[in-house]
Amino acid sequence: MQTRLRDNLERVRQTVAEAAQASGRTADAVRLIGVTKYVDIETTQALLELGCLDLGESRPQQLWNKAEALARFSPRWHMIGHLQRNKTKRTIPLLSVLHSGDSLRLLQAAHDDWTGEQPLATLLEVNISGDSAKHGFAPDEIEPALRQIAALKRLQIVGLMGMASLEGGRTQAQKDFASLRKLRDQLRNNSPDEISLDELSMGMSHDFDLAIAEGATMVRVGSSLFEGVR
Ligand SMILES: *Cc1c(COP(=O)(O)O)cnc(C)c1O
């Protein structure tokens, strides 16, 4: 298992580095987040042992279990899925980055439940594809909410997160990433000083190279890492 996982990780890191260089950046300008939602604690541990310390989970319960079992590796946990407000109390204190800041009410709850000394790094999730089944702010909802969001002092808003449309393949994904970047550039000119929007969390296994070309600073990769690993 370890060999296959090591090869996969190596290949993904290589693609990240090449895509970063092609966009005029260095590999360390893009953070690889290993999404472990498909795998058990043992496989997650193997990934940590290979040096992938940024881990993403989309279900709170799984994050709790893994955070407890793997605490000795000090992973940086990234919450990437929708968080119900009744789960924030237990989840928020475990996090390094909250990617799925998808509503004002959730941000308020996250703010209230954060216990760290420094503010929690938080991204605003944008529903770029407009798919009604997806969570996130509509693109035009963010600017009017920025003052209220900036008042949540225990959160440090660092950027935007988004997912490409399910349909339309890589052509559509490229357009979606470009529009998230454009939205970020527009908002950056009009945001309060407390809010910086330097980070763009976008790109998954099938499209992270495209996301990096459009300026992603964090990519969330799951299935590519675990191909053939059982
Ligand atoms: C599952 C998931 C990923 C990883 O997807 P892969 O296609 O397996 O790389 C990334 N982001 C979010 C929000 C996810 O839920």
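A few comments on the model shown:
- Here, region 2-226 has an Rg and a Dmax of 16.7, 50 Å when only alpha carbons are counted.
- Karplus-derived HN-Hα couplings along region 221-230 (A = 6.51, B = -1.76, C = 1.60, θ = phi - 60°), whole Hz, x at Gly and Pro: 10, x, 3, 4, 6, 10, 4, x, 9, 8
- Dipole-positive endmost among Leu83, Ser223, Ala20 within the chain (Cβ charges, Cα centre): Leu83
- Normalised by the number of residues in region 101-230, the average gap of Cα pairs under 8 Å and 6 or more apart makes the relative contact order 22 percent.
- Euclidean distance of C-alpha centroids, region 164-209 and region 57-129, integer Å: 20 Å
- Lysine pair count for the chain with Cα-Cα distance under 23 Å and sequence separation of 8 or more or different chains is 11.
- Using a Förster distance of 30 Å, the FRET efficiency for Asp40-Arg188 (Cβ separation, nearest 0.05): 0.15
- Calculated FRET efficiency for the pair Thr115/Glu49, C-beta based, R₀ 41 Å, to 0.05: 0.90
- Order of exposure, largest accessible area first, which applies to Arg85, Arg25 with probe 1.4 Å: Arg85, Arg25
- Virtual spin-label span in nm between Leu166 and Ser205, 7 Å along Cα→Cβ: 1.6 nm
- Based on protein heavy atoms only, region 2-226 ends up with 47 Å² per residue of surface accessible to a 1.4 Å probe.
- Heavy-atom surface analysis with a 1.4 Å probe gives region 97-230 a carbon and sulfur content of 47 percent of its accessible area.
- Using heavy atoms of the protein chains and a probe of 1.4 Å, the accessible area assigned to Leu9 is about 0 Å².
- Residues His206, His111, His135, sorted by accessible area with the largest first, give His206, His135, His111 [1.4 Å probe; ligands and nucleic acids excluded].
- Shape call, region 1-98: gyration tensor on alpha carbons, a/c limit 1.5: oblate
- Put a plus charge on the Cβ of each Lys and Arg, a minus charge on the Cβ of each Asp and Glu, and nothing anywhere else: the dipole of the chain about its Cα centre is then about 380 debye.
The values are calculated or read from the model by the stated rules, or taken from the named source; none is laboratory data. A quick note: this is a predicted structure, and the numbers were derived from the prediction, not measured. Cβ atoms come from the backbone with ideal geometry, glycine included; neighbour counts cover every protein chain shown. The area values use the complete protein model at the heavy-atom level, side chains included, leaving out ligands, DNA and RNA. Shrake-Rupley method; radii C 1.70, N 1.55, O 1.52, S 1.80 Å.
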